[in-house]
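Accompanying notes for the structure given below.
The values are calculated or read from the model by the stated rules, or taken from the named source; none is laboratory data. Predicted, not measured: the structure shown is a model, and the values here were computed from it. Cβ: placed from backbone, ideal geometry, glycine included. Neighbour counts: every protein chain shown.
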Amino acid sequence: MTHQVTAKSNSTLCTTGVDEILQNVALIVSTFVISCPIYREFGFRPETIAPFQLVKRRNTARLIESIQRFEPRAVVVDVDYLGDLYVGKLEPVVKVIVNE
């Protein structure tokens with residue numbers, strides 16, 4: 001079963017099973033690399049000045065690597081982005097399959 005995860009996905013305390021894995025993926029997607037001092041590779045890295053398509057490709061690769069490293073129970077199927085090119089806003093939407 002494919003699950004869609006965004007940075008705004010609900011998070012609750014004491015989750016287990018599939019909900020725990022999806023919550024971990026949502027945390028990775030919502031965390032900026034700069035805001036996590038212990039693991040520099042953890043999370044989503046906003047690029048400052050680069051073409052929109054290049055930013056999407058770079059961040060897709062980084063997100064997939066971060067999810068594989070920090071939540072190996074989730075297999076990334078697709079990464080898409082919601083956002084506005086003219087405003088410069090990117091919001092990743094990750095589709096994962098959960099392996100328990």
So Leu54, is it aliphatic (A, V, I, L, M) and at pLDDT below 85: yes
Number of the exception - Tyr39 against (1) modelled with pLDDT under 80; (2) under 28 Å from Met1 (Cα atoms); (3) among the aromatic types (Phe, Trp, Tyr): (2)
Breaking point among (1) assigned to a loop (DSSP other than H, G, I, E, B); (2) in contact with a strand residue (DSSP E or B) (Cβ under 8 Å, 6 or more places away or on another chain); (3) at pLDDT 90 or above, for Pro72: (2)
Residues of segment 63-77 satisfying the condition of being of a type in the set (D, E, K, R) and surrounded by fewer than 18 Cβ atoms within 10 Å (Cβ to Cβ): Glu65, Arg69, Arg73
